[in-house]
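Novice: Take this structure first; my questions come after.
The values are calculated or read from the model by the stated rules, or taken from the named source; none is laboratory data. Everything numeric here is computed off the predicted structure, so don't read it as measured data. Positions of Cβ are backbone-derived with ideal geometry, glycine not excepted, and every protein chain shown enters the neighbour counts. Heads up: the accessible areas ignore ligands, DNA and RNA and are worked out on the full protein's heavy atoms, side chains in. Shrake-Rupley method; radii C 1.70, N 1.55, O 1.52, S 1.80 Å.
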Amino acid sequence: MRDLLPWRPKPKDDELLSSWLLRVAVGNSPKLHTFCHIVWPNRHLWNRDLDAMAPSDIVQTLASLTGTSATKAWGTTLPSLEGTLYERVRVNNASRWVLPLGVYHRTRRRAGQQWCGECLRHDPQPYYRKNWRLAISSTCSRHGLVLADRCIECASPAVPHRGDDPNCHVCGSDRRFYPHLPARSETLQFEHNLRSIIAGRARPPATLKHLYPVAFFNLVRQVLSIVTANPRAQRLRDVVCKHHGGDPRPALFETKLGAPELLSSVDRHRMMTMVAHLLDGWPYKFTALSAEAGMWRSWAMRGHQDSIPYEYASVVQRYLGAGPT
Ligand SMILES: [Zn+2]
Ligand SMILES: [Zn+2]
């Protein structure tokens, strides 16, 4: 076992591996890259998605250098949610529920690292939460805000290991003082429950509590995909917002693929609000609103068939019409 480092912070509550490593490194060395080069010579940790890749030897070394348990150290990684939120994290391809960073050489092209300015402002030492990398989170439960995902001044994604965190590495703007955008209360409640499920503190809501978490999250994602990127999505959004309020406009996708993971935090927040209403009292509100929107079976079943859970498919089959004949 290696010697313990002089400064050995443990992971904070829900802290990401990259955030923890950054705090360990800058507490022990004037430069992040000097530290990493000494501990892991010839390993390039920062030009990939470190939290998604989570090389086990890196995590183990960091655990032993800081006197942290292996379980707690592994809990900082995105693969630690395999079997709960998703089956597997895929590193080179789009991964369900993981916000992509779009790492290209030393730059990041996508706003996959969200943050809450108030959380960063109140942290004794600012750190980045694991749930801020997930598409199930567009809100902060503690502060009731919509998460930020791009610099308010220059629109750059957050790259905490570059520049003087928590300042933007491009323009220097302080991420802690991002303007407040209040979250919708029903979405806050909904996402808070989702975060509690992945943390093992809650189960899916009453009529879905028999589902395994992965199946439940697959159902959530299927509903999210039919409100965002389905040929009937606009009609469904119009109907949901007519009954429950909200903004039914389409989301602006960064690409034409239409995956929910490519939405901005603000757009995803709008869409998750509609998902919260559609899942409320499952399946009756979903089936009533879908029928009113003309979301017939074939539209509702669009998507990656292997990932559509039986619970969803059976409701669609049983309650939604086959469409005009
Ligand atoms: Zn917060
Ligand atoms: Zn900036």
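Novice: Take the residues in the range 136-147 that are in contact with a Leu (Cβ under 8 Å, 6 or more places away or on another chain) and in contact (Cβ under 8 Å) with a residue 60 or more places away in the chain, then tell me which one is nearest to Ala52 (Cα to Cα).
Specialist: Of all residues in the range 136-147, those in contact with a Leu (Cβ under 8 Å, 6 or more places away or on another chain) come to 136-141, 144-146.
Narrowing further to those that are in contact (Cβ under 8 Å) with a residue 60 or more places away in the chain: 136, 138-139, 146.
Working: Ile136: 16, Ser138: 19, Thr139: 21, Val146: 23 Å.
The qualifying residue nearest to Ala52 (Cα to Cα) is Ile136.
Novice: What single numbered condition from (1) in contact with a helix residue (DSSP H, G or I) (Cβ under 6 Å, 6 or more places away or on another chain); (2) of a type outside the set (Lys, Arg); (3) surrounded by 23 or more Cβ atoms within 10 Å (Cβ to Cβ) fails to hold for Leu262?
Specialist: Unmet for Leu262, out of (1) in contact with a helix residue (DSSP H, G or I) (Cβ under 6 Å, 6 or more places away or on another chain); (2) of a type outside the set (Lys, Arg); (3) surrounded by 23 or more Cβ atoms within 10 Å (Cβ to Cβ): (1).
Novice: Can you pull out the residues in the range 136-155 that are within 9 Å of ligand 2 (Cβ to nearest atom) and buried (at least 18 other Cβ atoms within 10 Å of the Cβ)?
Specialist: Hits for the range 136-155 are Arg150, Cys151.
Novice: Taking the options Val220, Val159, Val214, Val227, name whichever one is among the β-branched types (Val, Ile, Thr) and not in a helix (DSSP H, G or I).
Specialist: Values: Val220 fails: not in a helix (DSSP H, G or I); Val214 fails: not in a helix (DSSP H, G or I); Val227 fails: not in a helix (DSSP H, G or I).
Val159 is the lone residue from the list that is among the β-branched types (Val, Ile, Thr) and not in a helix (DSSP H, G or I).
Novice: Being in contact with a helix residue (DSSP H, G or I) (Cβ under 8 Å, 6 or more places away or on another chain) and near ligand 2 (Cβ under 9 Å from one of its atoms) is the filter; apply it to the range 159-174 and report the residue that is least open to solvent (accessible area, probe 1.4 Å). Break it down stepwise before answering.
Specialist: So the first thing to find is which residues in the range 159-174 are in contact with a helix residue (DSSP H, G or I) (Cβ under 8 Å, 6 or more places away or on another chain), and the list is 160-161, 165-168.
This time we only want the ones that are near ligand 2 (Cβ under 9 Å from one of its atoms), so: 167-168.
Values: Asn167: 37, Cys168: 9 Å².
Step by step, filter the range 159-174, then rank; the result is Cys168.
Novice: Give me a count of the residues in the range 136-169 that are within 15 Å of ligand 1 (Cβ to nearest atom) and closer than 21 Å to Leu188 by Cα.
Specialist: Total meeting the criteria: 13.
Novice: Only residues that are away from ligand 1 (no atom under 14 Å from the Cβ), touching a residue at least 24 places away in the same chain (Cβ under 8 Å) and surrounded by fewer than 22 Cβ atoms within 10 Å (Cβ to Cβ): list them for the range 114-135, please.
Specialist: Selection gives Gln125 alone.
Novice: Mind listing whichever residues of the range 265-280 are touching a Leu at 6+ places or on another chain (Cβ under 9 Å) and surrounded by fewer than 19 Cβ atoms within 10 Å (Cβ to Cβ)?
Specialist: Scanning the range 265-280 gives a single hit, Val266.
Novice: So which of Arg249, Arg302 is in contact (Cβ under 8 Å) with a residue 24 or more places away in the chain, assigned to a loop (DSSP other than H, G, I, E, B) and open to solvent by 60 Å² or more (accessible area, probe 1.4 Å)?
Specialist: The conditions single out Arg302.
Novice: Would you be able to tell me the number of residues in the range 230-246 that are under 16 Å from Asp267 (Cβ atoms), assigned to a helix (DSSP H, G or I) and not polar (S, T, N, Q)?
Specialist: The number of residues fulfilling the criteria is 5.
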